[in-house]
Structures are given as C-alpha cells and as structure tokens.
Amino acid sequence: MPRFADRNLWGYYSMDELKSKLFYEQKNGYDLIDAKERLALEDYCRGYMDYLNKSRTEREAVNNAIALAEAEGFVEYKVGMKLKPGMKIYRNNRGKALILAVIGKKSMADGAVIAGAHVDSPRIDLKQITMYEQDEMCYFKTHYYGGIKKYQWITLPLELHGAVALKDGSVVDIVIGREPDEPKFVITDLLPHLAKDQMAKTLAEGFSGEGLNILIGTAPYAEEGKDRVKLAIMSMLYDRYGITEEDFLSAEIAAVPAQDVCEVGLDRSLIGGYGQDDRVCAYAELKALFETKKPERTCVCILADKEETGSDGVSGMQSAAFDCFMKDLCESQDVALRRCYEKSFCLSADVSNAFDPLYPEVSEKRSGSKVNYGVAICKFTGSRGKGGTSDASAEIVAYLRRLFADKGVVWQMAELGKVDQGGGGTIAKYMANRNIDTIDAGTPVLSMHAPFEVTSKFDCYMTYKAVLAAYQDK
Ligand code: MN
Ligand code: MN
C-alpha cells in the first residue's frame, strides 16, 4: 500500500482527466438520453397522467390498478392456487390497498423483489356527523387527513369522492364534481379588507382544523322552519343516492382538489396535479410489473394505504395483510416466510422533495434531489440524528449503483432537506423491520402535499425504469 505522500497519479493526467477520474459529478438527465427515449418518456407520462386523473382516492387508485392489471392477464389470488412461473396474481385488501405479483422461476426461498408505494394522499375528509346549517348556509364539517398546510385548501374548488356503507351491507360510491358540468365545493376565506387580525397570525395559526368547513348549499326547502337549507340538500342526496343523514356515520367521503392533471411549463416538461405523492410511484410499479413476463425471482408490487397517517391499520404497511399474502405464496412452495424475507429486496417507492430554488434555505443543495436528475435514492430518511429511519446498508446502495448503470437508469442520491430542518418517513422502515433489505427510491416533487404537486416527466419515467431494473434483475 503506497503511503499518502507518494502522490503516484501526479503528472500522468491533465487536471480535467484527473477530475473526471476522481470526482463525482451529476448531469442533467436530458443530456443523458436520446430522441428515442424522449418519445418513450412522453408516452409513459401520458399513461401516468390518465391514471392520476382517474385516481383521486386510495379506493379509486386500487380499482383502476385492478382494471389495468386484469387487462394484462392478472387474476385474483385464491388460497391453494397452484402457482407457476410467469403467473400474474393480485390480492385486493378491502378495496384500499393492493398487492400484485408475477411468480418467478426461482423458489420463494430465494426471496422476492418487492416495490412498495402508497396510494393514499393528503385530503379533507368529511366527519362522521358532518352536515350542519348556519345562518341559512349549509356545510360539511371535516377532519383533514395527512400533513397539509391548511391555507392551501381554502378558496380552492373541491370535489367529493367516497363510499357510503349502508346498513344492508351494500356500498354506494359517491363522486360529485369530477365532471366539468357538475357543481364544486369550497372552503371560503375572509376578504383582505377585513382581514387585519387574521393577517397578523402565523401561517400555522391562521386557519384552524375546525374551521375547514365546506360550503355545500344555500337554497332553502319551500316551507317555513328550522334547517330548511340542510333539508333541501339532504333530499337531493336522497334522490340521487338513496342515503339519509344517518348513513354518513358509516361513510368515507373525501374532498379533493377539483382540477385535472395537466402539463406545466411552456416546454411541457413538468406534470402538475393532485395526489402525485405517491401515485407517481404506484403507477411506475404497475407499469414495470406489467413489463415483467417471466422473472427470475417473484416480483411483488405493493400499493399501500395509510402511509400519510403512519402506516397503521389493516390497509397500512404495518398490517399483517402483506405477511399473509407472502406466507400464502411461500407455503404453496413449502418455504418458510422468514427464509423468503431474509433473501428479499425492497424498493420503497416514495417521492422525495425536489430542491426548489425559491426556497433554498431549507435544503442542502449538494444532497437535495434535483428536478430532471432522475429517480432519487434515499439511503435514509427520518429526522434529527437520522431518527426513525431504516438506513439501507452501503452494500445495498452499491448494488443499485451497479444495477442502474447496467440498465441505463438515471438516478441521484438524495436527502430530505437540511439536517435538523424537519424530516419525514416512508414505508421503508416497516419493510426493513420484517428483515427485508429495503431502500427508498422515488420521484422528486415540488410543492409536495399541496393540492397541486409538480413532478418532472423525466423523473417520473426514470422511476419506472428503476423499478423495472429491479424486477428484471437476475
Ligand atoms: Mn409519500
Ligand atoms: Mn406524503
């Protein structure tokens, strides 16, 4: 081993040669792809925008994923089903989460290749006792879901999506406001002329959770009495859906932004729309799985629910629903689940924050993910001293470096903001806690959790290529 002072490389290279040999330099993704790939990217993003437009809740994202999967030949998994290599199966977890798999040539004892995204997004849920009339105006009371900046949801056209479960066991699906000629809903705000006190408050204090009440009507029922507007609205809902006020007790209805997904920028290089965190990765996984015909190892695609509220509950990633499905596959081959997990690999496919030049103060530029620099890999997430993260091993990162270089995946290493600025988590730790090697990989997003999130088409496409590379690895 040479001593440090030997300086063996000096004099043999020019400075530029030596820099390119020794320094790590990132390139804008557009400099790394050809015209053919640019067309493929546009094609991919058209499909994604269509899926996103139709999938405004986790239930819709699951239903639409099943429809796409069945068109690709996937069938619902039944316990005891004989599994052959290349078989395509799915399990629907209560209409809110979905697991799909393509059976590999190798045994489950060799582990599975898993990609896990979530299909729930921040939104405004209706309370169970929700409808009230105040000063001859009718409202829904709400309880927001996930991490929102409340002011962003005020004076924004909203549409309603959800399901009402009736006492007789049937479920009524509700969508109001999605079609252009349908009415929208709104949470109103003060006029600036009278907002002196409001404007003096902080952003966090300016709007309260109990103040997020959605205006739903003003025309009274044609008789004298109390709650005339509420009665008129309720009778319309009864006419259209056959529901009464009591039925809201067993309903899940969410208000989401009433705006179509669209291209952003004169060059149309960006995609804007609600719910890209994390349906952008969900769609990438689906498309990658559909491309994977007879993989070496069994490929598994997870579309989880409840990530935005901590991955708890039956449809969240901490639920045993995933283990049950994997155990069923293992048992059909006489393999112990733990043997499968310890050999498995998981891409926790979730979005990262894109560096935003308008808010440079919260990011450490060298370590933030950049728009158009490809799929972002986070070795760890968490907050403060890497609290609450799974932290993928260096060996796993090295594996991805090799894999992505082989498969032409443009990628970048990323961290969520400056140290001690805040932080966040994904489903990664819940996968890693199962003894599955796991790493975060996802699309950088501008305005994450806003009603209108922005991604770059290039990064969306590279997220798909990253999952495809993992699924199709030997
Ligand atoms: Mn997410
Ligand atoms: Mn999120």
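The values are calculated or read from the model by the stated rules, or taken from the named source; none is laboratory data. Treat the numbers as computed from the prediction; the structure is a model and nothing was measured. Cβ placement follows ideal geometry from the backbone for every residue including glycine, while neighbour counts extend to all protein chains displayed. Only protein heavy atoms, including side chains, enter the accessible area calculation; ligands, DNA and RNA are left aside. Shrake-Rupley method; radii C 1.70, N 1.55, O 1.52, S 1.80 Å.
Assorted remarks:
- Hey, G111 small (G, A, S) and within 16 Å of ligand 2 (Cβ to nearest atom) or not: no
- Applying the criterion of being among the polar types (S, T, N, Q) and touching a Leu at 6+ places or on another chain (Cβ under 9 Å) to the residues of segment 181-233, the residue that is most open to solvent (accessible area, probe 1.4 Å) is T188.
- Filter pass, Q134 being free of Cβ contacts under 8 Å to residues at least 40 places away in the same chain and surrounded by fewer than 21 Cβ atoms within 10 Å (Cβ to Cβ): yes
- Set E395, E364, E342: member being assigned to a loop (DSSP other than H, G, I, E, B) and open to solvent by 60 Å² or more (accessible area, probe 1.4 Å): E364
- Strands (runs of 3 or more DSSP E) enclosed by segment 200-319 - at least 3 residues per element that are away from ligand 2 (no atom under 16 Å from the Cβ) and closer than 30 Å to M108 by Cα: 299-304
- Here the condition is being assigned to a strand (DSSP E or B) and touching a residue at least 40 places away in the same chain (Cβ under 8 Å); of I89, I99, it holds for I99 alone.
- In segment 320-334, the qualifying residues are those that are open to solvent by 20 Å² or more (accessible area, probe 1.4 Å) and either among the aliphatic types (A, V, I, L, M) or within 16 Å of ligand 2 (Cβ to nearest atom) (or both), and the one that is nearest to G80 (Cα to Cα) is A321.
- No other residue among S456, S390, S447 is of a type in the set (G, A, S), within 16 Å of ligand 1 (Cβ to nearest atom) and open to solvent by less than 50 Å² (accessible area, probe 1.4 Å) apart from S390.
The rows are residues; the columns are (1) more than 20 Å from the chain's Cα centre (by Cα); (2) more than 30 Å from W153 (Cβ to Cβ); (3) outside the structural domain of R38 (by TED's automatic domain parsing).
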residue: A394; (1), (2), (3): yes, yes, no
residue: L400; (1), (2), (3): yes, yes, no
residue: V409; (1), (2), (3): yes, yes, no
residue: A414; (1), (2), (3): no, no, no
residue: G417; (1), (2), (3): no, no, no
residue: D420; (1), (2), (3): yes, no, no
residue: G442; (1), (2), (3): no, no, no
residue: T455; (1), (2), (3): no, no, no
residue: C460; (1), (2), (3): no, no, no
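Listed here are the residues, each with its yes/no results for (1) open to solvent by less than 10 Å² (accessible area, probe 1.4 Å); (2) within 16 Å of ligand 1 (Cβ to nearest atom); (3) out of contact with any Cys (no Cβ under 7 Å at 6 or more places or on another chain).
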| residue | (1), (2), (3) |
| --- | --- |
| S250 | no, no, yes |
| G273 | yes, yes, no |
| D277 | yes, yes, yes |
| E285 | yes, yes, no |
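- Among residues of segment 441-474, those that are assigned to a strand (DSSP E or B) and closer than 13 Å to G275 by Cβ, counted: 4
- If the condition is being in a strand (DSSP E or B) and within 16 Å of ligand 2 (Cβ to nearest atom), then segment 345-361 contributes S348, A349, S352, N353, A354.
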